[in-house]
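Undergrad: The structure is given below, and queries will be raised subsequently.
Each reported figure results from applying straightforward, stated rules to the coordinates on display, with no laboratory input. Owing to the predicted nature of the structure, the values given are computational and were not obtained by experimental measurement. Counting neighbours? That spans all protein chains shown, and the Cβs are built from the backbone with ideal geometry, glycine included.
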């Protein structure tokens, strides 16, 4: 049963994952549960193995179908891991991909798609992913690296993500090393705006404390962009260092809320004189309660006229819808998408 499985998840989440998102919603609704779980690998990259182990315990056809549909768009690497563990067949994946052309997912499953669905392979080569698909086809071991690590093993990106200080020192000692080099997110691993970050921002996001300190001591500047990456990553040692340099990190409330770093959100709110109203557009009753206590309109509209109630509806979060309604939310508000 979904309820029992998710109850177990809530009970052991801190022990298994550290500070992962709290599930606040209808834990007996397979649609809601799958929507929530597909987010975890996006904001907790190192949790994917344990999330896969947990998902394998859930036996519900609605959950399985919705997770496949949402996962291929948002976290295809999660679906690939589940496919490897037998949770999905290649026929199930191919059937959905034949109707929904998702470049990253097509790229991941390129070598698994049956020959009678060769048309799917042609799609990969006809869009902006063509040069990457061609590269991966010629060097399949590179695709394996991206699937396992998010980056090419042994690269400077890999060294920073996995906090391999000796490897990073090697790269920075090379005469070709450029301090202003930007790191692009892997084509397979989920990417966050902006699409490329400074090396110290990447170390902040992944909580790579040794690489972060090394880069900082070697002249890499800490600015608001680095602080935002640190808040998204949730490593308090790095966050405190960023706060020492940036001072006002109130705008990082949005990042803490979006990446479900509720402990970081509460800390920022405790030290900030300003609040960032855009952070109310979250799926956490705890965060929204904070804003309501501080006088923010429950119908605050963000980009495209989206309100917290719209966000709750998009995730089928009935308890949050009820909470907002009970606190005066206008359920007839229309956003730019006419929803």
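Undergrad: Using only Cα atoms, locate the centre of segment 39-109 and the centre of segment 276-327, then give the distance between them in Å, rounded to an integer.
TA: About 28 Å separates the Cα centre of segment 39-109 from the one of segment 276-327.
Undergrad: For segment 151-250, how big is the tail of P(r) above 23 Å, as a whole percent of Cα pairs?
TA: 19
Undergrad: Using Cβ counts within 10 Å as a stand-in for footprinting exposure, how do 245, 100, 80 rank, fewest first?
TA: Taking fewest neighbouring Cβ atoms as first place, the list is 100, 245, 80.
Undergrad: Ranking 62, 307 by Cβ neighbours within 10 Å, fewest first, what do you get?
TA: 62, 307
Undergrad: Here is a further query. What percentage of all Cα-Cα pairs in segment 166-326 are separated by more than 25 Å?
TA: It works out to 39 percent of all Cα pairs.
Undergrad: Let me ask another. Can you sort 285, 55 so the residue with the fewest Cβ neighbours within 10 Å comes first?
TA: 285, 55
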